[in-house]
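What follows is a single structure, written as structure tokens, with notes after it.
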Amino acid sequence: MPQLPNMPQAVFWTIISSILVIAYTSTAKYLAMEELPVPVIVFFRCLFGLVFFVPWWLNHGVAGLSTKKPFLMASRGFFTMIGLYCLFTALSQMPISDVIAIQYTKPIFATFAAVLVLQEIMTKSRWIGVFIALAGMLLIVRPGFEEFNMGFLWAIGAMISGAYTTISVKFLTRTEDPDKITAWMVIGMTVSSAIPAFLVWELPGLEQLGWLAFAGLVANGFQQTMARGYAHADATAIMPFEFSRLIFASISGYLFFSEGLGILTCAGAVLIFLSGLFIVRSESNSAPNPKKISKTY
């Protein structure tokens, strides 16, 4: 891989991360359907993620965790854990393809975060992207035409957390190694998920432990491959390939959970994806020219 240009490497890691994220979300959905409490699923996913990092610990030791951004590293682990609670709960109540489709609202939440927290200006391109994404979500949820599913709100919660973690990992990969970022994440997630799991504790069976170990392994792989993808290319270049997650989610839902991919869900996902792509491309194209940014709405 190091001999290849940056873009082919970014595409490769993004496709692999898409496969891995669907693998572990499908596993989480199966375990939730087996009525294993979500806090217990999250804790063991984090714990096994920590265990599978033992080779890294042995190679780098405590010194491998040295960083100038400890707060950002730790907070990313906490918000990733919150996102897992929301994601796994949504998966227990909605088809995988619907949940993944809603995940494409992440650039929209990232945009609002930049406006509210960083005091950035809401440009015309951002407003257009928001309204397109809203139309896409309405197609998926279909309010008034279908019974409201609380899983939708959990999926939105996962996206709010995901928006922060995506921004943070892109910022951290400028100075930090992807494996170090993942190491900090699994530590933060394991520690912060222990107390909620204890409150609803239920010891998993042997088969469930096997699936939880698998989830921890592929989830670690997802974090590492995603970080490598962002390290080799900008978000504007990676986003079109992240859309492959919906394809893999549809295949998994059909094969393992007898779920179909509705036309309206697919149309909504396309609208949401296009809105995010429109925003990040518009922001990228306008950023070098201050005169373009100065025109606000």
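Observations on the structure shown:
- Calculated from backbone phi, Karplus (6.51, -1.76, 1.60) coupling profile of the range 18-26 in Hz, x at Gly/Pro: 5, 5, 5, 5, 6, 4, 7, 5, 5
- Peptides 25-32, 244-251 ordered by average Cβ neighbours within 10 Å, highest first: 25-32, 244-251
- What the range 4-67 shows is 44 Å² of accessible area per residue, with the surface traced by a 1.4 Å probe over protein heavy atoms.
- Most to least packed among 189-200, 218-229 [average Cβ atoms within 10 Å]: 218-229, 189-200
- By accessible area with a 1.4 Å probe, ligands and nucleic acids excluded, highest first: order of E207, E35, E176: E35, E207, E176
- Formal net charge of residues neighbouring W211 (Cβ-Cβ distance under 13 Å; K, R +1; D, E -1): 0
- Backbone phi angles across the range 243-258, fed through the Karplus curve with coefficients 6.51, -1.76 and 1.60 (θ = phi - 60°), yield HN-Hα couplings of 5, 4, 4, 5, 5, 5, 5, 5, 5, 5, x, 6, 6, 10, 10, 6 Hz in residue order; Gly and Pro are listed as x.
- Accessible carbon and sulfur surface of the range 1-91 relative to its total accessible area, %, 1.4 Å: 74
The values are calculated or read from the model by the stated rules, or taken from the named source; none is laboratory data. Since the model is a prediction, treat every value here as computed from it, not as a measurement. Note that each Cβ is placed from the backbone with ideal geometry, even for glycine, and that neighbours are counted across all protein chains shown. Ligands, DNA and RNA are stripped out before the accessible areas are found, and what is left, the full protein with its side chains, is counted by its heavy atoms. Shrake-Rupley method; radii C 1.70, N 1.55, O 1.52, S 1.80 Å.
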